[in-house]
Amino acid sequence: QPERRFENIDPAVLERVLKVNIAAAFYSIQAAVPHMRAAGGGRIVVTSSISAKKTELIVGAAYVASKGGTGMLVRQAAHELAGDNILVNAISPGPMVTNIGGGRLHDAATQELVGRFTPLGRIGTPDDLVGAALFLASRASGFMTGGEIVIDGGTTLGPVAIPQPT
């Protein structure tokens, strides 16, 4: 998509994406900290993306940079807040059927195409994120901070293997 090519990214788009993905997470964490300190601790779960760890030609530089920043924000907050028993972690989804990107992943043909490149053979849904988010919000994750749980159907493993003839 030409508008996502590095040299074509509108500065206003970059600023909006950075505000949505980094500033919003920053301000949310900042607002929660005094309440969690007063309560003796707590859990913060940030939604990041596999784009925090890998390049993504489809989503482009603005999104990837913002999610890379979100990933570092989670680690920094986790480090700073650990002494207050405030655990900060992230879930990092891969391709999901959401309204992100204008909801283009709601299209059945697009889902089928993306599914062909996903080792589990399908695109994810928000229901696929629930278990990890509940784990990170619960006592079961009591010795985890600054981490991320990747939920991507194996996308970050690489392309689907081509079956070899027998």
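The values are calculated or read from the model by the stated rules, or taken from the named source; none is laboratory data. Everything numeric in this text was worked out from a predicted model, so none of it was measured. Note that we place each Cβ from the backbone using ideal geometry, even for glycine, and neighbour counts take in every protein chain shown. To get the accessible areas, we keep the full protein, side chains included, count just its heavy atoms, and leave off ligands, DNA and RNA. Shrake-Rupley method; radii C 1.70, N 1.55, O 1.52, S 1.80 Å.
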Cβ charges +1 (Lys, Arg) and -1 (Asp, Glu), total dipole of the range 7-71, debye: 360 debye
Alpha-carbon centroids, the range 24-89 and the range 123-166: separation in whole Å: 17 Å
The chain: most fluctuating residue of Leu73, Leu18, Leu57 per GNM, C-alpha cutoff 10 Å: Leu57
Amide H contacts of Thr125 (H built 1.01 Å from N, under 5 Å, at least 5 apart or other chain): Val97
Karplus (6.51, -1.76, 1.60) ³J(HN,Hα), θ = phi - 60°, over the range 108-113, in Hz, Gly and Pro reported as x: 4, 5, 5, 4, 5, 4
Residue-level accessible surface for Thr55, protein heavy atoms, 1.4 Å, Å²: 110 Å²
Ile58 accessible area, 1.4 Å probe, all protein chains in place, Å² to nearest 10: 120 Å²
Ile100, Ile9, Ile86, reordered so the largest accessible area comes first (probe 1.4 Å): Ile100, Ile9, Ile86
Cut-off under 5 Å, modelled amide H: who pairs with Ile44 long-range: Leu87, Val88, Asn89
Candidates per chymotrypsin sites (Phe, Trp or Tyr not before Pro) in the range 83-153, loop by DSSP, up to 12 other Cβ within 10 Å: Phe143
Surface accessible to a 1.4 Å probe, per residue, for the residues of the range 40-134, Å²: 50 Å²
Calculated Cα Rg over 2.2 N^0.38 Å (choose from (i) 1.14; (ii) 1.08; (iii) 1.58), label: (i)
Positive-end residue of Gln30, Phe143, Pro119, charge dipole of the chain with Cβ unit charges: Phe143
For the chain, built as a Gaussian network whose Cα springs stay under 10 Å, the top-fluctuating residue of Ala31, Ala137, Ala78: Ala31
Distance in nm between pseudo-label sites at Leu157 and Arg37 (7 Å out along the Cβ direction from Cα): 4.4 nm
Amide H contacts of Glu148 (H built 1.01 Å from N, under 5 Å, at least 5 apart or other chain): Ala90
For the chain, built as a Gaussian network whose Cα springs stay under 10 Å, the top-fluctuating residue of Val33, Val88, Val130: Val130
Accessible surface, 1.4 Å probe, highest first, among residues Arg43, Arg37: Arg37, Arg43
